[in-house]
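Worksheet: the structure to be examined is printed underneath.
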Amino acid sequence: MTTEPKPNFDIELRAALPCERQRAATLAVAAFQQLQADLGGSDWAAMAESIRATTALEGGGELVLALRGASIAGSVIYCRPGSVRHPLFPADWAYFRALAVPPESRGLDLGRRLAEACLTRAKGDGALVFGLHTADEMPAARRIYAGLGFRVTAEAPPYFGLRYRVYRLDL
């Protein structure tokens, strides 16, 4: 059995410019659209607005982009220790939120690369622990996090009726 080699695309990972935030927010909503089937119409609309606001950095953090040429192919919000309080993580943890790779960019290993970019930033910031949370309905994301060594440490409160787990990685 032979496997097809993955296409080799040049990907640039960098902090977003302010003018890129809204475009990244629109793409993040598209990335999470797979959850719409698990939610009711009003819950999906509220979740989409929350994703849009989070990715536009209304709550703080650093928006990191994966770019293929001039196109945004993925994004994640990195929060350094002590910078943005989140009820699921102690203040001395680094964490990320809203890691998003829209369907047209999947299969390029961008989710892992974005997560690794955040881990590198966290180590540079002196973090000893890195956290994240994800929904049970996101199996591809859960596989990436397990492959990077994250382990589930707690069940998070439901969000729009979906089950979430808190993950931890000691750096």
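Are any residues in region 98-114 of a type outside the set (S, T, N, Q), within 20 Å of residue 52 (Cα to Cα) and either in contact with a helix residue (DSSP H, G or I) (Cβ under 6 Å, 6 or more places away or on another chain) or modelled with pLDDT under 95 (or both), and if so, which ones? Answer for region 98-114, where residues must be of a type outside the set (S, T, N, Q), within 20 Å of residue 52 (Cα to Cα) and either in contact with a helix residue (DSSP H, G or I) (Cβ under 6 Å, 6 or more places away or on another chain) or modelled with pLDDT under 95 (or both): 98, 99, 100, 101, 102, 103, 104, 106, 111. Being in a strand (DSSP E or B), of a type in the set (A, V, I, L, M, F, W, C), surrounded by fewer than 20 Cβ atoms within 10 Å (Cβ to Cβ) and in contact (Cβ under 8 Å) with a residue 24 or more places away in the chain is true for just one of 108, 67. Which residue is that? Going through 108, 67 in turn, just one is in a strand (DSSP E or B), of a type in the set (A, V, I, L, M, F, W, C), surrounded by fewer than 20 Cβ atoms within 10 Å (Cβ to Cβ) and in contact (Cβ under 8 Å) with a residue 24 or more places away in the chain: 67.
Answer yes or no as to whether residue 4 is of a type outside the set (S, T, N, Q), at pLDDT below 90 and either in a helix (DSSP H, G or I) or surrounded by fewer than 17 Cβ atoms within 10 Å (Cβ to Cβ) (or both). Steps first, please.
On the way: of a type outside the set (S, T, N, Q): yes; at pLDDT below 90: yes; either in a helix (DSSP H, G or I) or surrounded by fewer than 17 Cβ atoms within 10 Å (Cβ to Cβ) (or both): yes.
For residue 4, the condition - of a type outside the set (S, T, N, Q), at pLDDT below 90 and either in a helix (DSSP H, G or I) or surrounded by fewer than 17 Cβ atoms within 10 Å (Cβ to Cβ) (or both) - is met.
Would you mind stating whether residue 126 is modelled with pLDDT of 95 or more and assigned to a loop (DSSP other than H, G, I, E, B)? It is true that residue 126 is modelled with pLDDT of 95 or more and assigned to a loop (DSSP other than H, G, I, E, B).
Condition check ((1) among the charged types (D, E, K, R); (2) touching a strand residue (DSSP E or B) at 6+ places or on another chain (Cβ under 6 Å)) across all residues:
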residue: 81; (1), (2): no, yes
residue: 99; (1), (2): no, yes
residue: 124; (1), (2): no, no
residue: 148; (1), (2): no, no
residue: 156; (1), (2): no, yes
residue: 160; (1), (2): no, no
residue: 163; (1), (2): yes, no
residue: 169; (1), (2): no, yes
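For region 127-150, give me each residue that is closer than 19 Å to residue 79 by Cα and surrounded by fewer than 13 Cβ atoms within 10 Å (Cβ to Cβ). If the condition is that a residue be closer than 19 Å to residue 79 by Cα and surrounded by fewer than 13 Cβ atoms within 10 Å (Cβ to Cβ), then 128 is the only one that fits.
Closer than 19 Å to residue 111 by Cβ and modelled with pLDDT of 90 or more, is that true of residue 62? So residue 62 passes the test. For region 21-44, a residue qualifies if it is within 13 Å of residue 101 (Cα to Cα) and buried (at least 18 other Cβ atoms within 10 Å of the Cβ), and the qualifying residues are 24, 25, 27, 28, 29, 31, 32.
Scanning region 45-60 for residues that are part of a helix (DSSP H, G or I), surrounded by 15 or more Cβ atoms within 10 Å (Cβ to Cβ) and either out of contact with any helix residue (DSSP H, G or I) (no Cβ under 6 Å at 6 or more places or on another chain) or touching a residue at least 24 places away in the same chain (Cβ under 8 Å) (or both) gives 47, 50, 51, 52, 54, 55. Scanning region 154-171 for residues that are over 20 Å from residue 119 (Cβ atoms) and in contact with a Ser or Thr (Cβ under 7 Å, 6 or more places away or on another chain) yields a total of 1.
The values are calculated or read from the model by the stated rules, or taken from the named source; none is laboratory data. Bear in mind that the values here come from a model prediction, so they are computed numbers and not experimental data. Positions of Cβ are backbone-derived with ideal geometry, glycine not excepted, and every protein chain shown enters the neighbour counts.
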